[in-house]
Amino acid sequence: MKAYVFPGQGAQFVGMGKDLYDNNETARQLFEKANEVLGFRITDLMFNGTEEDLRQTAVTQPAIFLHSVILALTDPEFKPDMVAGHSLGEFSALVASGALSFEEGLKLVSARAHAMQKACEARPSTMAAVLALPDEKVEELCAEVDDVVAPANYNCPGQVVISGTIEGIDAACEKMLEAGAKRALKLKVGGAFHSPLMQPAQDELAAAIEAAEFKTPVCPIYQNVDGKPHTDPKEIKENLLKQLTAPVRWTYDVQAMIADGADSFTELGPGNVLQGLVKKIDRKVATDGRQ
């Protein structure tokens, strides 16, 4: 069975999507529609901007979403048996699988990005990658820190990203290294995504998600909050909103997809991070990608 996966923030690069725009008329129309919906030419930043331009959350998230979704919508061979997306990529997966329209998905992603950027500016925070500790140990050590710090991304066995205040992350990293972590490295990110510090963003986004029209997707979407397949629009909405403050359970998503028959994973969007994570979760499955 064929699974398609969609990347999240951090996969962006200058020039992303330009080949699509230059060589596919449908893609060009979708990109121009996005410029119109967003009220600025995001294509200029994607194709010719700087890395600093693309690192702004309000630009990064819609840029990755557009690249991923337009790849799916212009691929005549896109016939998924199941889909999943890493964090932001869940919105790409929902549009690609027909649960959300292109325009509505883009508006939600833009609203999400602005809400998250605002929450990050309100309180300095960050994230760190922890390597070579069991998930349970990372959870235990985070709970021992007397500050806001929590697991944010379960990326693959032995790789968990934690999220929290700068002081909390510093204290947690020290504990992780003392406990035998191979690395506990702070990341260059705008804030503590997928943590309780994103509660203001979740509150702000709630009305927009509730008002959006969600349909039954053409195939199950394996959502980040529980690693389980969903097709019910009401459940999808609820899980999408919870995702802002809950961890991304990517390991569990991929394991569940494989258990349900996935033997081939195609990553649509910039970069190839998810292909690498899938291989670390199960080396037997086939992976490829388009960007």
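The values are calculated or read from the model by the stated rules, or taken from the named source; none is laboratory data. Everything numeric in this text was worked out from a predicted model, so none of it was measured. All Cβ positions, even for glycine, are placed from backbone atoms using ideal geometry, and neighbour counts span all protein chains on display. SASA here: full protein model, heavy atoms, side chains in, ligands and nucleic acids out. Shrake-Rupley method; radii C 1.70, N 1.55, O 1.52, S 1.80 Å.
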Among the residues in region 27-44, are any within 30 Å of Asp263 (Cα to Cα) and modelled with pLDDT of 95 or more?
yes
Restricting attention to strands (runs of 3 or more DSSP E) lying wholly within region 172-291, give those where 1 or more residues are among the charged types (D, E, K, R) and modelled with pLDDT under 95.
183-186, 286-290
Of the residues in region 247-280, those that are closer than 15 Å to Gly89 by Cβ, touching a residue at least 40 places away in the same chain (Cβ under 8 Å) and small (Gly, Ala, Ser) come to Gly269, Gly271
Please determine whether any residue of region 225-234 is open to solvent by less than 60 Å² (accessible area, probe 1.4 Å), in contact (Cβ under 8 Å) with a residue 60 or more places away in the chain, within 19 Å of Pro134 (Cα to Cα) and not hydroxyl-bearing (Ser, Thr, Tyr).
no
Look at Ala119 and say whether it is touching a helix residue (DSSP H, G or I) at 6+ places or on another chain (Cβ under 9 Å), open to solvent by less than 20 Å² (accessible area, probe 1.4 Å), under 27 Å from Asp22 (Cα atoms) and part of a helix (DSSP H, G or I).
no
Some residue of region 175-192 being of a type in the set (D, E, K, R) and closer than 19 Å to Thr245 by Cα:
no
Test: Ile281 is more than 19 Å from Asn155 (Cβ to Cβ) and open to solvent by less than 50 Å² (accessible area, probe 1.4 Å)
no
